[in-house]
Amino acid sequence: MAYIPPHKRHSKILEKSSPTPELLVPRFKRDIKLNPAKPNIERSGKIIYANNAISRWFMVGSTEADQFPASVHLEPVSLEAFEQRTGGKPLALINSHLMKEESNDPRGIILRPPWASISGKVLQDLLSTFKIVKNEMDFDELEVIKPTLVARFGKVLFHGSPSVSLENIKEIEAAEATLGQLKRTFYTSVSTSYMENIVDVVVPEIGVDFEDEKDIYHVKLSDRTRKDATISCKCSVTNDKRLELYKVELNQIRNMVIDVSCLEKNMDLRLMLCTKRILTSLIDDEMHSIRDLINSAVLDTDVKGGLRWPLGKASSGDRYSVVGVWHTISKAYKSPSLRLKVRSADRYDFQTSRGESTNEIVLKLKGILSELQEDKLQGSVSLTLEDTLKLIWDHFLSDEHSPLP
């Protein structure tokens, strides 16, 4: 029988590599250490959290009355990726009666707006986590460490116990305790209609200008000398249809992940502070081995990820091996305080033989990060954070159709 490359064996859209069940993430210490700790690998081996990372989830409504809306229910959603992995459909919080936000409750009390509520709950986590990141940046002299603060949009999905019910629950705190029994995943693939609305409507409204469009292949390599990391090689395509390597970096490390279920919106929010390490100390032999792997790749639009390797060419000696491929086409828009990326991604994981195509929105919060890097006063950071969250609440958390693809 003729050899069939791994890419050819599965062509269906399967499990996404990026979502992580939050209950699999250990509870992390929040103390600031003088030396950077080794990262903590989540069980899938793909998503890495710093040992002192903060990871949590909470709900927020259109008011701060702490009442769980009777119109919000847990409903199953059809996602092939989850059904194939868990044997059942994931659950999402769905509000059957979305309303325009109001600032007063029936008793005439002026209530805190939801963006201010989110800001108040995440500010101290953000400040304390960035202190740790800054210390690591000052400590490490062998690699360039780049921090990034981003907002992602999608849905918090629950799975693991179909018997959980929210009936007769009146308060958000009680609902959070009930849902805390379930595993959680933040699903970041969004609908085509949502993507189009971001480009056509939101981009002009928030004052970001077109920056560039990129077509990039990300080749993921395992390195036997780096058990706690994956090497990511960013490549462009030359005119003669070959891959050209232009950046080598270690996989992202998550320092803070906060997921927010937005009960009065049909999209949820993730705020994430993470770091990337750009490798600047590779010796000639290491770069030669990596380039050999890149040069062996064959462009093939019929396989997930868009790349395949001839038999025996997906590894270099006993050190580097190809473990995954991402093909991303993205448009970027920027302002002094924001950078918006609208991205279509086609991924394939060699280790699990699973692939997936997704639509994603990434909003880099440059203004807040700059204030943190400049050691601005807490009050200044708080105001910028609240203003940014209001912009996000007003423009990024609603989809007229289903937010899921």
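The values are calculated or read from the model by the stated rules, or taken from the named source; none is laboratory data. Note that this is a predicted model, so its numbers are computed, not measured. So basically every Cβ, Gly included, is an ideal-geometry build from the backbone, and we count neighbours across all protein chains shown. The accessibility values were calculated without ligands, DNA or RNA, using every heavy atom of the protein model including side chains. Shrake-Rupley method; radii C 1.70, N 1.55, O 1.52, S 1.80 Å.
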Notebook entry, point to check: Considering region 177-208 alone, what residues qualify as being in a helix (DSSP H, G or I) and within 18 Å of Glu75 (Cβ to Cβ)?
Noted result: Thr178, Leu179
Notebook entry, point to check: From Ser370, Ser357, Ser321, which residue is open to solvent by 30 Å² or more (accessible area, probe 1.4 Å), part of a strand (DSSP E or B), polar (S, T, N, Q) and farther than 27 Å from Ser78 by Cβ?
Noted result: Ser321
Margin query: Looking only at residues that are out of contact with any strand residue (DSSP E or B) (no Cβ under 7 Å at 6 or more places or on another chain), open to solvent by less than 30 Å² (accessible area, probe 1.4 Å) and in a loop (DSSP other than H, G, I, E, B) in region 52-71, which one is modelled with the highest pLDDT?
Written below: Gly61
Next item on the list: Take region 237-251 and flag every residue that is farther than 30 Å from Thr388 by Cα, within 23 Å of the chain's Cα centre (by Cα) and open to solvent by 20 Å² or more (accessible area, probe 1.4 Å).
Entry: Lys247
Item checked: Subset of region 232-278 [free of Cβ contacts under 8 Å to residues at least 60 places away in the same chain, outside any strand (DSSP E or B) and either aromatic (Phe, Trp, Tyr) or closer than 19 Å to Arg184 by Cβ (or both)] -> none
Next item on the list: Mind counting the residues in region 315-341 that are over 24 Å from Pro204 (Cα atoms) and touching a Gly at 6+ places or on another chain (Cβ under 8 Å)?
Entry: 4
Note to self: So the check is Cβ under 6 Å with 6+ separation or different chains; which pairs have a first residue in region 195-217 that's under 14 Å from Val362 (Cβ atoms) and at pLDDT 95 or above and a second one that's open to solvent by 60 Å² or more (accessible area, probe 1.4 Å) and in a strand (DSSP E or B)?
What the structure shows: Val208/Lys334; Glu211/Lys334
Next item on the list: List every residue pair whose Cβ atoms lie under 9 Å apart, where the two residues are 6 or more positions apart in sequence or sit on different chains, the first residue falls within region 353-382 and is over 20 Å from Trp326 (Cα atoms), and the second residue, located anywhere, is open to solvent by 30 Å² or more (accessible area, probe 1.4 Å) and small (Gly, Ala, Ser).
Entry: Leu365/Ser337; Lys366/Ser337; Gly367/Ser337; Ile368/Ser337; Ser370/Ser337; Glu371/Ser380; Lys376/Ser370; Ser382/Gly120
Next item on the list: For region 284-318, enumerate the residues that are closer than 13 Å to Arg224 by Cβ, of a type in the set (Ser, Thr, Tyr) and in a helix (DSSP H, G or I).
Entry: Ser289
Notebook entry, point to check: Inside region 334-346, can you point out the residues that are part of a strand (DSSP E or B) and open to solvent by 20 Å² or more (accessible area, probe 1.4 Å)?
Noted result: Lys334, Arg339, Lys341, Arg343, Ser344, Asp346
Margin query: For the structure I just gave you, tell me whether Arg226 is without any contact (Cβ under 8 Å) to a residue 40 or more places away in the chain and more than 19 Å from the chain's Cα centre (by Cα).
Written below: yes
